[in-house]
Amino acid sequence: MADTVQEPEKLLTPSEVAAIFRVDPKTVTRWAKVGKLSSIRTLGGHRRFREAEVQALLAEAQEKRRP
């Protein structure tokens, strides 16, 4: 029986998320504060965002823009 090793989920910085959505990094921080996007805090207190959740939010936003 082979053990499966899960790769750690990719975490993105506010700047990386901002680049994906073409918004300011402070906007991404506001989204985290209001609960639009969940974040993880590093030991140093910096926010990190799950790539899978960011991609899901992006897909949802693109879906709303389509007629």
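The values are calculated or read from the model by the stated rules, or taken from the named source; none is laboratory data. Predicted model only: the values in this text are computed from it and were never measured. With ideal geometry, Cβ positions are generated from the backbone for all residues, glycine too; neighbour counts draw on all protein chains shown. Please note that ligands, DNA and RNA were not included when accessible areas were found on the heavy atoms of the full protein model with its side chains. Shrake-Rupley method; radii C 1.70, N 1.55, O 1.52, S 1.80 Å.
Values computed for the structure shown
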item	result
Residues satisfying the stated conditions in segment 51-67, i.e. more than 8 Å from the chain's Cα centre (by Cα) and open to solvent by 70 Å² or more (accessible area, probe 1.4 Å)	GLU60, GLN62, GLU63, LYS64, ARG65, ARG66, PRO67
Pair list, Cβ under 6 Å, 6 or more apart: segment 8-21 residue modelled with pLDDT under 95, other residue β-branched (Val, Ile, Thr)	none
Unmet requirement for ARG48, which otherwise passes all of (1) open to solvent by less than 90 Å² (accessible area, probe 1.4 Å); (2) within 12 Å of the chain's Cα centre (by Cα); (3) modelled with pLDDT under 95	(3)
